[in-house]
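One structure below.
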Amino acid sequence: MLHKGLAQTISDTTTLTLLPGEHWWGGVVRDGHLMPFDSAYSIDLWANNQGNQIQPLLLSDKGRVIWSESPIKYAIASGTIKVASYGSEIKFAHPDRSRTLKDAFQYASQKYFPASGKLPHQLLFTKPQYNTWIELTYNQNQNDILTYANKIVENGLPAGVLMIDDNWQENYGKWQFHPGRFHDPKLMIDSLHQLGFKVMLWICPFVSADSDIYRALESKGYFINEVDTKLPLIVRWWNGASAVLDFTNPGAVRWFQEQLRSLSDTYNVDGFKFDAGDSYFYKDPLKSFKEVTPNEHTLLFQQFGLDYPLNEYRATWKMGGQPLVQRLHDKGHNWNDLQKLVPQIALQGILGYPFNCPDMIGGGEYGSFINLDAVDQELVVRSAQVHALMPMMQFSVAPWRVLDDRHFEIVKKAVEVRDQYLPVILDLVEKAAQNGEPVVRLMEYEFPGQGYHQIKDHFMLGRDILVAPVLQQGITTRAVVLPKGNWEWKGKTYKGGKTINIQVDLEDIPVFSRK
């Protein structure tokens, strides 16, 4: 029997008065650069994930926590936070001895989204990832994929995870290699394995309405339906209009699992990039096998990634502590978006998502790389340098195609710098699987109450590595805020507790180690 989706009904509300000097983070990863929240901010998380991860969680640098098991909406204005929940009690906590942002996170993590003890595949962290999207866009084909992979190795970059992006398949929902573009997909994947790559395939929860698989799945009742017509709901997304699989239906879940297993068993595919699944695709009115919120439809799509250590998600809901790779939403090829990487990926960490990827190096808009005269080579270099000290780094645009020799060599040097700090990154990743703590951390998280809450262009790798990447065009000096203690960079020791100015060349990634 089909059920109507749950109504958007407020079940609980609360208002908190801000403490003197209190600052708040949480909720929406895409707005991480706006945090801590200004004096006026509001958002509604019902069917609204803003194209990225969300969590019904708010955290304060005074150790206070707000949580609900259901979607929330909240507004900050005039010294208060007003919160409403759709379906569950709002839980407010200020535990004893909880005085900092770290205290608040650790309490929330242990109580609401404890670490699973499991990790995504280690290769996602140890080597760069390569996504075929920008180079091939909708012309994913066997010959060009092999050419891309071979050029990675020929140009001196290490083999890692290779993601074959959208349009490798016959149709949305018909998850078979397109026979016109892939004459022997098993041979292709075997060849990629021989080069040292693991292979992931792009996949989504949509089914093309004019395909034969649509008719078969409709007859089984595996789609979300419209309320009035009882026909499959057709949603508009960035690639057109499609039906949506109903993962509240056990039959649809089994069918989708079978598609993934078939690709793994038949072709030795190693894992999957799970795209779409955004909660805004599941807005009422709709009918599904079981009554759930739009956000829970998103959550149900996430269950499949737990079976594959090689996974990636861009849109998730309430999956803190789980071994899922969380990618930031698509970034443009511009300096403004580059400056959002640090606060957004740091926010992922305190929402319980430590296994994170800062999108594609240089940005994910393929149109920016068609005209080479429009490519900002300095931006690509600085983007690679930011990625190099984060949990993962992902290439898509081929740097050897869009960069001159000098800039490409600097990008390769960034990969080498990453290798130097890889033991630190891996140690933090492994600990995150056990205790949930972020890998990339806000300055306020490690150095509370010292006025660092507004710093959005530095980040900590654990407690002892401070990274101050260059995020502005054409600068030759960089201001770095050093906490108290002694910090070393390029063989020189700096006394902390103050702001220093350093010379930065194009090759430089300012990384300070606490001594």
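Values quoted throughout were computed directly from the atomic coordinates according to the rules given, and no laboratory measurement underlies them. Note that the structure is a prediction, hence the values are computed from the model and not measured. All Cβ positions, glycine included, derive from the backbone under ideal geometry; neighbour counts span all protein chains shown.
Which value in deg cm²/dmol, rounded to the nearest 500, describes the helix-derived mean residue ellipticity at 222 nm for the chain, given -39,500 (n - 2.57) per DSSP H run of n ≥ 4 and division by the residue count? Walk me through the numbers on the way to the answer.
Numbers: 14 runs with 145 residues, N = 515.
Mean residue ellipticity at 222 nm (helix-derived): -8500 deg cm²/dmol.
Could you sort 291-298, 14-21, 149-156, 183-190 so that the peptide with the highest average Cβ count within 10 Å comes first and the rest follow in order?
On the way: 291-298: 23.4, 14-21: 13.0, 149-156: 14.8, 183-190: 16.6.
My ranking of the peptides, most packed first, is 291-298, 183-190, 149-156, 14-21.
Considering only C-alpha atoms, what is the centroid distance from region 292-334 to region 381-451, in Å?
21 Å
With the contact rule set at Cα under 8 Å and sequence spacing of 6 or more, what percent relative contact order holds for the chain? Show your work: numbers first, answer last.
Numbers: 1137 pairs, mean separation 81.8, N = 515.
Computed value for the chain: 16 percent relative contact order.
Relative contact order for region 440-514 using alpha-carbon pairs under 8 Å, separation at least 6, rounded to a whole percent? Intermediate values should be presented prior to the final figure.
Numbers: 128 pairs, mean separation 21.3, N = 75.
The normalised contact order for region 440-514 reaches 28 percent.
Using 0.36 nm times the number of residues separating residue 15 and residue 492, minus their current alpha carbon distance, what extension gain do you get? Please report the intermediate quantities before stating the final value.
Details: separation 477, 0.36 × 477 = 171.72 nm, distance 4.98 nm.
The residue 15-residue 492 span can extend by a further 166.7 nm.
Among rounded, prolate and oblate, which fits the chain when a ≥ b ≥ c are the square roots of the eigenvalues of its C-alpha gyration tensor, a/c under 1.5 means rounded, and a/b larger than b/c means prolate? Display every interim value, and only then the final one.
Details: a/c = 1.99, a/b = 1.11, b/c = 1.79.
Verdict is oblate for the chain.
Once the other residues with Cβ under 9 Å from the Cβ of residue 342 are scored (Lys, Arg +1; Asp, Glu -1), what is the net sum?
Working: positive: 340, 456; negative: 457.
In short, +1.
I need the semi-axes of the equivalent ellipsoid of region 9-166: take the C-alpha gyration tensor, multiply each eigenvalue by 5, square-root it, list largest first in whole angstrom. Present the calculation step by step, with values, prior to reporting the outcome.
On the way: eigenvalues 341, 68, 44 Å².
Semi-axes (√(5λ), whole Å): 41, 18, 15.
Which pairs break 30 Å Cα to Cα here: 456/492; 331/492; 413/495; 111/413; 118/492; 127/515? Can you show the working numbers first?
Numbers: 456/492 25 Å; 331/492 35 Å; 413/495 28 Å; 111/413 42 Å; 118/492 38 Å; 127/515 28 Å.
Checking Cα-Cα distances, 331/492; 111/413; 118/492 exceed 30 Å.
State the extension gain, in nm to one decimal, for the chain segment bounded by residue 227 and residue 412, taking 0.36 nm per residue of separation less the distance between their alpha-carbons. Mind showing how you got there, number by number?
Values: separation 185, 0.36 × 185 = 66.60 nm, distance 5.42 nm.
Taking 0.36 nm per residue and subtracting the Cα distance, the gain is 61.2 nm.
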